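This report refers to the structure that appears directly beneath it.
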Amino acid sequence: MLRYVYASDLGDHPKLARTMFRDRADQFKTRLGWDVHVDKDGYERDEYDDLNPLYVIWEEPDGSHGGSMRFLPTIGRTMVNEHFGDLISGPITSPVIWECTRFCLTRGAGSHVAAALMLGGGEIMQNFGVEHFVGVFDARMVRIYRMIGSSPDVLGSAGEGRDQISVGLWHFDEAAAAAVAERAGVPMERSRQWFDLAFGTTSRRELARTA
Amino acid sequence: MEPILEDLEQAEGLAALQSASEEIRDHYGVDHVVYHWVDSAGDQYGCGTYSDVWRDRYLEQNYLRVDPVILGCFQRFHPVDWKRLDWSSKPARTFQAEAIAHGVGNQGFSVPIRGPNGQFALFTTSHSCDDDVWAAWTDAHRRDLILIAHTFNEKALEFEPDRAPEQSQALSPREVDAMTFLAMGYSRAQVADTLSISEHTLRVYIESARFKLGAMNTTHAVARAMSRGLIVV
């Protein structure tokens with residue numbers, strides 16, 4: 001299932017958090033060879049994990065991490081603006097643009113996991129008035145994004161071939177969302193339930209109870 | 001909306017935020033507009049249209065510690081319909097009943113903002129109506145409310161004691177290109193084509209420029225960029 005968890009609430013999901021940071025180490029350090037820091041616990045964490053970002057995480061049935069991504073508002077500090085500003089001709093700052101980074105899939109994750117994460121991104125856009133995501137991605141992700149039908153517009157790139165790193169832009173598209181849901185094997189209704197589980201429901205029944 | 005925000009930007013001090021919140025309330029026809037923030041030194045400020053009686057009561061009872069809106073928004077950054085918050089505890093329910101009795105309304109929508117150096121703010125609209133009416137209203141105005149919230153916060157940040165001199169509102173080269181062609185009357189499709197970028201990418205440059213210029217929409221942003229001499233047509 002999809003979980004939406006602020007960093008401050010990761011303590012409620014210890015196994016999920018532990019396996020997420022380890023899977024990030026495996027993906028970014030071991031497999032992609034990025035210059036990232038892995039701590040003594042084997043966690044890949046950076047300064048942006050300390051800014052209470054919102055994570056969207058695919059949780060496997062055994063409670064472990066299957067894939068995840070990390071969101072921060074661009075009116076605050078972001079990796080794109082602080083480390084990749086030269087690729088995008090100046091900072092991107094707006095209340096309706098969020099940064100999405102550390103898109104990570106556990107080793108051997110099926111393509112349905114990547115699609116499910118994109119579905120979660122769509123929920124965020126629709127429910128929180130976010131119009132675009134801006135993010136950094138590796139050349140090897142291009143194929144995965146294309147496969148799940150969610151290719152970004154590229155704002156700028158550095159490097160060549162496999163080592164190319166790009167800043168990309170995602171936007172919401174209703175038709176694409178339906179295709180992504182299909183690929184994720186998650187009915188929209190279910191997706192909405194997961195979202196409501198994390199952020200509370202607006203349903204009448206709930207209100208009747210609380211009013 | 002633009003004249004209201006224009007006034008807000010020109011005006012000085014807390015009084016400007018107060019009168020803007022009243023004007024916004026009237027413009028949208030909602031019961032209340034409230035903006036409050038905690039600055040980087042930890043001091044609290046607020047303005048808005050709640051009654052003095054309710055404001056005093058809230059402070060005296062230290063409802064910050066009970067209010068589900070505060071608890072649900074602190075350290076977060078997604079906008080919240082109050083219905084989604086957890087009102088289930090007894091203190092929360094008591095608080096809610098009292099808030100409604102003081103005319104706050106049974107509905108609310110709050111936009112939390114995490115500013116620099118621990119600054120934190122909340123921009124709220126509240127109203128008395130049924131769920132369907134409120135859902136339709138927030139759907140229609142979500143974007144405006146988010147933009148207004150940030151305009152308020154930009155103003156509030158000016159009050160920060162150690163505020164660095166206004167960071168220049170310089171536009172990036174791409175933003176200047178986009179604004180310039182729009183000012184020349186090109187359509188978005190033509191601008192995108194001229195710059196060899198997609199229309200979605202263009203939208204991001206326009207949006208980013210709009211925010212830097214404190215404008216509510218593209219037309220307003222282009223006008224501001226011109227009047228400030230940031231673009232020359």
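Which members of the range A:34-53 meet the condition of being open to solvent by less than 10 Å² (accessible area, probe 1.4 Å) and either more than 30 Å from residue A:185 (Cα to Cα) or at pLDDT below 95 (or both)?
Within the range A:34-53, A:48 is the sole residue that qualifies.
Would you mind finding the one in A:160, A:99, A:131, A:123 that is open to solvent by less than 30 Å² (accessible area, probe 1.4 Å) and either more than 16 Å from the chain's Cα centre (by Cα) or closer than 23 Å to residue B:192 by Cα (or both)?
A:99
Please verify whether residue A:195 is under 23 Å from residue A:73 (Cβ atoms), open to solvent by less than 30 Å² (accessible area, probe 1.4 Å) and of a type in the set (Phe, Trp, Tyr), treating the condition exactly as stated.
In short, yes.
Among all residue pairs at least 6 apart or on different chains, which show Cβ distances below 7 Å where the first residue, located in the range B:196-215, is facing chain A (nearest Cβ under 7 Å) and the second is open to solvent by less than 10 Å² (accessible area, probe 1.4 Å) and of a type outside the set (A, V, I, L, M)?
Every condition considered, the pairs that remain are B:204/A:132; B:207/A:94; B:208/A:94; B:208/B:175; B:211/A:94.
Residues of the range A:54-80 being more than 14 Å from chain B (Cβ to nearest Cβ) and open to solvent by 10 Å² or more (accessible area, probe 1.4 Å), which ones?
Within the range A:54-80, A:58, A:59, A:60, A:61, A:62, A:63, A:64, A:79 qualify.
Scanning the range B:202-213 for residues that are open to solvent by 20 Å² or more (accessible area, probe 1.4 Å) and not aromatic (Phe, Trp, Tyr), which turns out farthest from residue B:141 (Cα to Cα)?
Restricting to residues being open to solvent by 20 Å² or more (accessible area, probe 1.4 Å) and not aromatic (Phe, Trp, Tyr), the top hit is B:212.
Please indicate, with yes or no, whether at least one residue in the range B:148-160 is within 13 Å of another protein chain (Cβ to nearest Cβ) and over 30 Å from residue B:84 (Cα atoms).
No, because not a single residue in the range B:148-160 is within 13 Å of another protein chain (Cβ to nearest Cβ) and over 30 Å from residue B:84 (Cα atoms).
Among (1) surrounded by 17 or more Cβ atoms within 10 Å (Cβ to Cβ); (2) more than 14 Å from every other protein chain (Cβ to nearest Cβ); (3) closer than 21 Å to residue A:96 by Cβ, which single condition is residue B:80 missing?
(2)
Of the conditions (1) modelled with pLDDT of 90 or more; (2) surrounded by fewer than 21 Cβ atoms within 10 Å (Cβ to Cβ); (3) in a loop (DSSP other than H, G, I, E, B), residue A:149 fails just one. Which one is it?
If we test residue A:149 against (1) modelled with pLDDT of 90 or more; (2) surrounded by fewer than 21 Cβ atoms within 10 Å (Cβ to Cβ); (3) in a loop (DSSP other than H, G, I, E, B), just (1) comes out false.
Is it true that some residue in the range B:42-55 is within 14 Å of chain A (Cβ to nearest Cβ) and open to solvent by 20 Å² or more (accessible area, probe 1.4 Å)?
no
The values are calculated or read from the model by the stated rules, or taken from the named source; none is laboratory data. Everything numeric here is computed off the predicted structure, so don't read it as measured data. We place every Cβ from the backbone using ideal geometry, glycine too, and count neighbours over all the protein chains shown. The area values use the complete protein model at the heavy-atom level, side chains included, leaving out ligands, DNA and RNA. Shrake-Rupley method; radii C 1.70, N 1.55, O 1.52, S 1.80 Å.
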